[in-house]
Structures are given as C-alpha cells and as structure tokens.
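Presented below is the structure to which this report refers.
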Amino acid sequence: MVISKICCIGAGYVGGPTCSVMALKCPDIQITVVDRSIERIAQWNSDKLPIYEPGLDEVVRQCRNRNLFFSTDIEKAIQEAELIFISVNTPTKTYGNGRGRAADLKYVEGCARMIAEMSQNSKIVVEKSTVPVRAAESIMHILKANHKPGVKYDILSNPEFLAEGTAVEDLLKPDRVLIGGEQTPEGQAAIEKLCWVYEHWIPKKNIITTNTWSSELSKLAANAFLAQRISSINSLSAVCEATGADVSEVARAVGLDSRIGPKFLQASVGFGGSCFQKDILNLVYICEGLNLPEVAAYWQQVIDMNDYQKTRFSQKIIECLFNTVTDKRISILGFAFKKNTGDTRETPAITVCRTLLDEGAQLNIYDPKVEPEQIIADLTHPKVTESPEHVKRAVQIFADPYDAVRGTHALVVCTEWDEFVSLNYERIYASMMKPAYIFDGRKILPHERLQQIGFHVQTIGKRLLQQQQHDPTVRPFPSHLTNGHGYGALPANGDGPSAQA
C-alpha cells in the first residue's frame, strides 16, 4: 500500500503547485518534479518561482530539499519512483487533422515513451494533464509496446480541478479528488495506493473513484459547465445594457435559487486561461468525431459567446471615444486572465489590445504580476498581429499604475486585481486627458463615485444614469414594444421596425 517515492513529469502550473502541497502534507513521501527546461527548474530552486500563486512561496520554502525536489534528471526520477504523474501541457492542435480544436497529445505521448524506456520496474502512471476521453488507452498501448520484461504498468486518471489564483487553497481543501482506473483487481489496487496518498490530508468521503473514461470526461465536463455559466451571464449582460436592467441584480436573483447557486455568475469582459477554451474545443471535436453534431454545436456556442463578449467590449471603447482611437493613448490596467496569477493564456486583454492597436491606438499597460516580456510576446504573436514592430512602437509597459494612466484618454480595466479598487481616482482623473473615460471590464470599481469625480464610465451589463442621459445610442422603445409605457435602449441605426420608431 505504501508509496515512498513519486515523480511528476512537468513543472508547470499544475505539476509544481500540486506536488508542493502534496509534499507539505506527505512528509513521508519523497516527491521529485522534473522538467527538460533547465531555466524553469532553476526558477523552482530559486527565491523567485516561475509562477505566482498566493501562498505557494511559503509551501515550497517549507518542503524544498526536504522531501520536495526539482530536477532535470528525468531518468533517475522515473527509475526511482513507484508512482509517476504526467503533468505536461496538452495544447490545442495548430496543424493537421483537428487543427484549432483537438488536443495535441505529443507531450503526453513523449512522457509515455520516456517512462517505457527508462523504467526498470513496475509503475503506476497517473494522468494529471487534461486529456481526451480514452487517452489512458493510448498511453497503455505505448507502454505495453515498449515495456521491458517483468515491468508492468497501471494507468490512472486523476484530473486537477484547481483554479489559478487560488491553487494552494484548492489543493489544501479540494471539493473532491477524482481517481479513475481500470475495473480490475490490479486497477483497483493502484487506485487504493493513490487514495492512500491523498488520505494524508483529504477525508475519504471527498475522494471519488470511478472508471478511467468517466474520470477523463468529468474534467472536460467540469470546465465546460463553468465556462457555460460565464457565457450565460455574459449573454444576459448585453440584454441588460439594452433594456436598463442590471446584470449584477439579475445574477443575484438567479444565484439565490439553491438549484443554481451564485458562483461563476459574475459578468465580465470574458473568460480566459489555459483550460476553458482549450477543453471545450476538445469536447466539441470529440462530439463531432462521435457523430454528435448537435452536441458539438451546443458547446461551441459557449466559445462563440465568449468571443462575442470580448469583441463587444472592445468595440464599445472605440464607439465611446467618438468612434476613433487613432493616435489616442489608452491605459490598460491588468493583462493576466484573472487576478492573483501572472498567467496570460487566452486572456481577454489580448483581444482588447489587439482591437485597439488595429484601430491605431497607443497603449500604456500595467499589470502587477505579468512580466513585460510576456506582454510584448503575447501582443506580437503571429496569431495576434502581422506587424510586430508596430506593436512594439505603440505599446509601453509601466511598473506603476499612476504612470500608466498619465496623459491617456481612457482607462480600461481588464483584470480584477484588488489594488485597482483602492487607487486614488481623483489623482488619476487630474492626470488624464479630458473628457476622461473609464471602461470597467470586470465590474469592480465604484461607478457612481467615479462619475462624481468627472469620469465618463462604461461597464458590463448596466447602463449608468450618466449614460442614459448622454448616450446617443439609447432612445425610447417604440410603443408596440412597451404598450405605450416605459423606455429602453435600441440601436440608433438599427434595422427593421425598431429603426423607424
């Protein structure tokens, strides 16, 4: 039953925090995290970790070089371990069959081949990466085809459900731990061994065991459901802006229904991160391959709505700035896809910045945790621009938010960092061009107070009084839609009967 040595292949956002917390709670187990990147391993062994997560520095400090090790010696770690986590990236394919939707499993396959080549004794191999359904079958096929005499493998699925920004807390007190394995005596024995590891700090009732395929699909389903909630409330935010309803009040009313609950009902500029879009696209691809086009279309709409929200918010900025941002300097507060992380993968800020840059804007960008090099790399990526040199000239990165907003026409909040709420907005207003605009893409700022200071404020899912009075795109509903009473918002240049009202 006892596991004494664990190896984790992949020192990224999942492998590093997961194994750090596991080492903290399992002092009797030696855990080695390995990666081919010399630079990344050096960072894990330094005072400046390669990723930012609240509380992670302290966890690593307590365990590192005690029972937690970071190494590039992959062969030694694999040979010594009884249990091996595969925790490598599974990006969306950018080429060939399934391009833009299917998960690229080349790194997972590479891990399987390394394990088969380097193992001298039997191993439990655990999928930690998010993978398509039946990926474990492919891993086992590779291991069996390349195994040494007497070496046997058991494959388990143990998907992570942590959220960036709260990873340490999620790992210390997870809602559940899911472990899937083969429904055989050997498979059940392997499940029990991994359960034993988690039972060091997690109650048995929170550890769910199932078959491998259910475990793999559950991870995709969980992310799809969470993203679906965000896209659902964001779709209603557009309705709220058009009618005068307040999306926060709608979300509160809906969330108080115990069958629905309040989580993931915060309207915003859109969701980002490494998981939601990638996993839903993977799910869409799987459904198409299973000849389930209606199911595929249903989940594709979650992505389409997110793209619409990001584009809609970006266009609102341009329209409010007199329909032109050419040579106007605009400050972007926040570039990470969410607060308490430095991760910029699929961040809505990229869409906002790209749209503004394409329209000729000059950008001042500030984020407390994202490195300037990462921001420039994201905005000059071939998928984002065909003119990287223009982007470099048009974008300035700042280490202080007050410097970032000085002399700008507008301030755009793209990440919900707590520090943005407590900034001195009187000072900011005094330093900006007039009229000064704020576009709150995360609904975190005190809008009425900002209006009192003098700002023109736009946000998600709510028409502020100032906008109702001055927004030329808002006008009374035609009588046939209001029974002769009340007012609402309709596009001033709309089509059909509403355009003639």
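The values are calculated or read from the model by the stated rules, or taken from the named source; none is laboratory data. As the structure is a computational prediction, the values presented were derived from the model and not from experiment. Cβ: placed from backbone, ideal geometry, glycine included. Neighbour counts: every protein chain shown.
Here are the numbers for the structure shown:
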read-out: Criterion (free of Cβ contacts under 8 Å to residues at least 12 places away in the same chain, among the β-branched types (Val, Ile, Thr) and closer than 30 Å to ALA145 by Cα) met by exactly one of THR90, THR32, THR72, THR94; value: THR94
read-out: Elements of type strands (runs of 3 or more DSSP E) in the stretch 399-471, at least 1 residues being small (Gly, Ala, Ser) and touching a residue at least 24 places away in the same chain (Cβ under 8 Å); value: 410-413
read-out: Flag if SER215 is more than 26 Å from ILE350 (Cα to Cα), crowded, with 18+ Cβ neighbours inside 10 Å, modelled with pLDDT of 95 or more and out of contact with any helix residue (DSSP H, G or I) (no Cβ under 8 Å at 6 or more places or on another chain); value: yes
read-out: Members of the stretch 326-352 found to be buried (at least 24 other Cβ atoms within 10 Å of the Cβ) and among the hydrophobic types (A, V, I, L, M, F, W, C), listed by number; value: ILE330, ILE332, LEU333, PHE335, ALA336, PHE337, ALA349, VAL352
read-out: In the stretch 233-264, the residues that are in contact (Cβ under 8 Å) with a residue 60 or more places away in the chain, assigned to a helix (DSSP H, G or I) and of a type outside the set (Val, Ile, Thr); value: ASN234, SER235, LEU236, SER237, ALA238, CYS240, GLU241, ALA242, SER248
read-out: Condition check for THR482: touching a helix residue (DSSP H, G or I) at 6+ places or on another chain (Cβ under 8 Å), hydroxyl-bearing (Ser, Thr, Tyr), at pLDDT below 95 and surrounded by 12 or more Cβ atoms within 10 Å (Cβ to Cβ); value: no
read-out: Subset tally (residues that are outside any loop (DSSP other than H, G, I, E, B) and more than 23 Å from the chain's Cα centre (by Cα)) for the stretch 265-294; value: 4
read-out: Residue that is nearest to LEU171 (Cα to Cα), among those in the stretch 53-69 that are part of a loop (DSSP other than H, G, I, E, B) and charged (D, E, K, R); value: GLU53
read-out: Among (1) in contact with a Phe, Trp or Tyr (Cβ under 8 Å, 6 or more places away or on another chain); (2) modelled with pLDDT under 95 - the single one GLY454 does not satisfy; value: (2)
read-out: Residue check, SER87 under 20 Å from THR32 (Cα atoms), buried (at least 22 other Cβ atoms within 10 Å of the Cβ) and of a type outside the set (Asp, Glu); value: yes
read-out: Selected residue [assigned by the TED database to the domain that holds LYS152 and under 17 Å from SER4 (Cβ atoms)] from GLU80, GLU53, GLU39, GLU58; value: GLU80
read-out: Positions within the stretch 359-395 being without any contact (Cβ under 8 Å) to a residue 12 or more places away in the chain and more than 19 Å from the chain's Cα centre (by Cα), in sequence order; value: GLU373, PRO382, GLU386, SER387, PRO388, GLU389, ARG393
read-out: Residues satisfying the stated conditions in the stretch 35-53, i.e. more than 23 Å from the chain's Cα centre (by Cα) and free of Cβ contacts under 8 Å to residues at least 12 places away in the same chain; value: GLU39, ALA42, SER46, ASP47
read-out: So GLY150, is it crowded, with 17+ Cβ neighbours inside 10 Å and either free of Cβ contacts under 8 Å to residues at least 24 places away in the same chain or on the phi > 0 side of the Ramachandran plot (or both); value: no
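Quick grid of which residues meet (1) out of contact with any helix residue (DSSP H, G or I) (no Cβ under 7 Å at 6 or more places or on another chain); (2) of a type in the set (S, T, N, Q); (3) more than 30 Å from ALA297 (Cβ to Cβ); (4) surrounded by fewer than 20 Cβ atoms within 10 Å (Cβ to Cβ):
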site: ALA103; (1), (2), (3), (4): no, no, no, no
site: TYR107; (1), (2), (3), (4): yes, no, no, yes
site: ALA112; (1), (2), (3), (4): no, no, yes, no
site: VAL131; (1), (2), (3), (4): no, no, no, no
site: ALA136; (1), (2), (3), (4): no, no, no, no
site: ALA167; (1), (2), (3), (4): no, no, yes, no
